[in-house]
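The values are calculated or read from the model by the stated rules, or taken from the named source; none is laboratory data. None of these values were measured; they are calculated from a predicted model. Positions of Cβ are backbone-derived with ideal geometry, glycine not excepted, and every protein chain shown enters the neighbour counts. The accessibility values were calculated without ligands, DNA or RNA, using every heavy atom of the protein model including side chains. Shrake-Rupley method; radii C 1.70, N 1.55, O 1.52, S 1.80 Å.
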Amino acid sequence: MVRYVLDKGRSTFTVHATAGGLLAGLGHNPTIAIRDFTAETSFEPDTFASASARVVVKARSLEVIDDMKEKDRREITHTMFDEVLEVGAYPEIVFESTNVMVSHAGEARYKARIIGDLTLHGVKRTGLWIPAQVSLSGDDLHARGEFTLKQTDYKIKLVSVAGGVLKLKDELKFAFDLVGTRVPAG
């Protein structure tokens, strides 16, 4: 069994929200960087048998990275932490794989479909599918991909202002570009 642990300095993980409603053109479509998270994966070399993945995000580490007025950034951050994610009550977001399917896509490149359980905002949902492109090079594993989820599936209150004329859409788009370093056996 080989094990890889996330290298945060070489990895990115973001969330993109989209404004909706009658005044959507005036609203922000925030991009949020996930700054503090751990991830690890393990599998049998060459066959990827018994593959598993686990990601733990510190909810308070989310940071709005769009170019905007500082006042707007503070307001979005406050709303995200206190009203949407309720980070005081739910400090971590956890994904644990239950099934990983891998197919060969070229020299040291693979397509993976990671299925697992996501616990977000105190709600655990099973069967989240995450497609990924994976490559191996030396002691590095590189995984990138995108997936979406609906906030209401996790009992998250949809944010709206101006009497609902401007609000964020339910669906969030996640993008990841992760690098893991192989942990020496022993």
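Please go through region 51-71 and pick out each residue that is more than 22 Å from THR119 (Cβ to Cβ) and at pLDDT 95 or above.
If the condition is that a residue be more than 22 Å from THR119 (Cβ to Cβ) and at pLDDT 95 or above, then no residue fits.
Among the residues of region 126-142, those that are farther than 12 Å from SER103 by Cα and out of contact with any His (no Cβ under 9 Å at 6 or more places or on another chain) comprise THR126, GLY127, LEU128, TRP129, ILE130, SER137, GLY138, ASP139, ASP140, LEU141, HIS142. Quick check: is even one residue across region 34-56 among the polar types (S, T, N, Q), assigned to a loop (DSSP other than H, G, I, E, B) and open to solvent by 30 Å² or more (accessible area, probe 1.4 Å)? Yes, region 34-56 contains at least one residue that is among the polar types (S, T, N, Q), assigned to a loop (DSSP other than H, G, I, E, B) and open to solvent by 30 Å² or more (accessible area, probe 1.4 Å). Of the residues making up region 75-89, just one is touching a helix residue (DSSP H, G or I) at 6+ places or on another chain (Cβ under 6 Å) and more than 18 Å from ASP170 (Cα to Cα), namely VAL87. Tally up the residues in region 149-182 that are among the hydrophobic types (A, V, I, L, M, F, W, C), open to solvent by less than 50 Å² (accessible area, probe 1.4 Å) and either modelled with pLDDT of 85 or more or within 21 Å of the chain's Cα centre (by Cα) (or both), please. Going through region 149-182 one residue at a time, the tally reaches 10.
For region 102-112, does any single residue satisfy the condition of being closer than 29 Å to ILE156 by Cα and basic (Lys, Arg)? No, region 102-112 has no match at all.
Regarding GLY106, is this residue among the small types (Gly, Ala, Ser) and farther than 23 Å from SER52 by Cβ?
yes
Residues that are free of Cβ contacts under 8 Å to residues at least 24 places away in the same chain, within 17 Å of HIS16 (Cβ to Cβ) and of a type outside the set (Lys, Arg) within region 60-99 comprise ASP67, THR77, listed in sequence order. Cβ-Cβ contacts under 7 Å between residues 6 or more apart (or on different chains), taken from a first residue in region 110-135 that is under 17 Å from LEU172 (Cα atoms) to a second residue that is in a strand (DSSP E or B) and among the small types (Gly, Ala, Ser), are listed as LEU128/GLY116; ILE130/GLY145; PRO131/GLY145.
Within region 101-109, none of the residues are touching a residue at least 12 places away in the same chain (Cβ under 8 Å) and within 22 Å of ILE34 (Cβ to Cβ).
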